[in-house]
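Read through the structure below, which is laid out as structure tokens, and then see the notes.
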Amino acid sequence: MLRLYKFLKPYTLMVIGVLVFVACQSIGDLYLPTLMSDIINDGVMQGDTNKIFHIGGIMLLVALGGVICSVLASFLSAISSMGLGEILRNKIFKRAESFSLYEFDKLGTATLITRTTNDITQIQTVTVMIMRLMISAPIMCIGGIILAIRKDGTLTWVLGVSIPALAIVVGFIASKMIPLFKKVQIKVDKINLVLREKLTGIRVIRAFNTVDKEAKRFNEANVDLTENYIKVNRIMAFMMPSIMLIMNFTTLAILWFGGIRISKGSMDLGALSAFTQYAMQIMMSMLMLAMMFIMVPRAQAAAVRINEVLDTVPEIKDADKTKDNYEGKGYVEFKNVTFSYHGAEEPALRNISFAARPGETTAIIGSTGSGKSTLINLIPRFYDIQSGSILVDGVDIKEISQEDLRNKIGFVPQKAVLFSGTIAENIRFGNDGASDEEVRHAAEVAQAADFIATMDGGYEHEIAQGGTNVSGGQKQRLSIARALVRKPEIYIFDDSFSALDFKTDAQLRAALKSETQDSTVIIVAQRVGTVMEADRIIVLDEGSVVGMGTHKELLEKCDVYREIVSSQLSEEEIA
Ligand code: ADP
Ligand code: MG
């Protein structure tokens, strides 16, 4: 928790300002009952109108000063807590951006979102509260007690009874409340998770007619949360009346015993009025402190979750000294690469060695789960390998900065992802500086121009969030265009033609050929037709290379390849 407050540093002056203004306001508040007692004793009781006006004027000024201080404190505390939130959100976002895919697999997207929104709001609320109460509650409480004793020492025994009574009630309530609040936090997380998963999967849920079942699951999480909140509120409902009861009894006792003392002539009316008000101020400040103790553990849980993100060190980091000035055209080489996912028993890839040269097309084929996607994810360094080395233009990719490395690569992932924005913006995502002409050209090569032309607004057509308003094949072609507009040295297509019909697939590959003439092209595919003409075909089976060569060579010597081919093509197509 404390560690997060170091991010308040840029706002140090403002925080000090808040503390000073709050202190001034509290001192003013403490001064008011004394003035009130003076006005009663010296003004009203003596019938001295001048005195009334004089002290009344001072009271007005003190009250006005209090209001101004309070407004300024609110203003500054709002600015600094919002600033803290902004800094924290930035930190989390930056940190999450630097995560490798392993950290994303581990933490999960849903909690990263809750942590950047909910948890930070919690911290902000508590920050404001602490800034305001940290100073004012002790001043009011201790100052109130001292001033009350000075007004009338004998009556303080009333406080000696009521303050412990209040402390017991509040302590009891807080001890019930804190664990409940912690539970609520966990439940809110669960709701977020269920909601997110269900809403993203809504099509599948509809298709499999499991709406009712899923609604029930959501309902369970929801009812759970509601019950918890009801419990919280039940305790709250009990808290307010019991506190009011104690306060009212205290006032009653003060007035009763004070009245007796006044009738004996050992106390005056002004002192009684001031004493009553001090008693209230003391008890209110104790309540505020108690609230703080209830809120702080909630924020603490949030702080722990935020720290967890900030403390996660990305596994993949740039080397201390990265090579930058090296020439090359995108020559990719795997040397004896072995890789396993965290926690997996078997390596996903074993002893992979091959080279992909500029100007050539290297294809990777194999059954699902054979490790094709894994293999190409290693080239942009989405995961780090355990042994062997991957070289780009003769330099180990661990020695290149990730930014330089990824700048060389045009990556088309297996699952095409588009962002909300226009089609042109989505294509330009590959290269900010691309001209309209370049965007159009990329779309033409990717065989996307035709369907873009039929869309309302053409290149300015808005893509819905998650790309739900374009078909799978259209999505694939747009993400191919996005890679093309980058004009990279290395093209990587992960099964990017799978959703295209045969004709479009063939047209696309023909158009790509002239576009990618000087580049290294790596194509992952399931269809033999897509890879047949490649300069080199690598056959993967259960994480190992079982064959490498041209279509013709593989047909002669690789059993796995022959099997794939005969399952897809007829005899005459093979020949
Ligand atoms: P392909 O692309 O050839 O269908 P993948 O490379 O996606 O195959 O998967 C190869 C193997 O690695 C599979 O057994 C799969 O279960 C496993 N795998 C893939 N991604 C992950 C991951 N993020 N974490 C753990 N295991 C994974
Ligand atoms: Mg795959």
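The values are calculated or read from the model by the stated rules, or taken from the named source; none is laboratory data. This is a predicted model, so every value here is computed, not measured. Every residue, glycine as well, gets a Cβ built from its backbone with ideal geometry; the counts of neighbours run over all protein chains shown. The accessibility values were calculated without ligands, DNA or RNA, using every heavy atom of the protein model including side chains. Shrake-Rupley method; radii C 1.70, N 1.55, O 1.52, S 1.80 Å.
Just a few scattered comments:
- The single condition among (1) within 16 Å of ligand 1 (Cβ to nearest atom); (2) under 25 Å from Lys487 (Cβ atoms) that Val332 does not meet is (1).
- Residues that are more than 8 Å from ligand 1 (Cβ to nearest atom) and open to solvent by 10 Å² or more (accessible area, probe 1.4 Å) within the stretch 355-380 comprise Ala355, Arg357, Pro358, Gly359, Glu360, Thr361, listed in sequence order.
- Residues satisfying the stated conditions in the stretch 535-564, i.e. under 23 Å from Thr374 (Cβ atoms) and assigned to a loop (DSSP other than H, G, I, E, B): Asp535, Glu542, Gly543, Cys558
- Cβ-Cβ contacts under 7 Å between residues 6 or more apart (or on different chains), taken from a first residue in the stretch 225-254 that is at negative phi to a second residue that is of a type outside the set (Gly, Ala, Ser) and open to solvent by 80 Å² or more (accessible area, probe 1.4 Å), are listed as Asn228/Lys183; Ile235/Lys176.
- Considering residues of the stretch 489-521 that are under 32 Å from the mean Cα position of the chain (by Cα) and in a loop (DSSP other than H, G, I, E, B) only, the residue nearest to ligand 2 (Cβ to nearest atom): Asp495
- Among residues of the stretch 100-122 that are acidic (Asp, Glu), those with a beta-carbon under 9 Å from a residue that is within 16 Å of ligand 2 (Cβ to nearest atom) at least six positions away or on a different chain give the pairs Asp105/Tyr341.
- Among (1) touching an Asp or Glu at 6+ places or on another chain (Cβ under 9 Å); (2) farther than 30 Å from Glu403 by Cα; (3) of a type in the set (Asp, Glu), the one test that Asp29 misses: (1)
- Matching residues, the stretch 332-350, being in a loop (DSSP other than H, G, I, E, B), surrounded by fewer than 17 Cβ atoms within 10 Å (Cβ to Cβ) and in contact with a Ser or Thr (Cβ under 9 Å, 6 or more places away or on another chain): Tyr341, Glu346
- Count of the stretch 382-400 residues which are farther than 19 Å from Lys329 by Cβ, outside any helix (DSSP H, G or I) and away from ligand 2 (no atom under 16 Å from the Cβ): 6
- Single residue of the stretch 88-124 satisfying the filter (buried (at least 16 other Cβ atoms within 10 Å of the Cβ) and of a type in the set (Val, Ile, Thr)) that is farthest from Pro10 (Cα to Cα): Thr111
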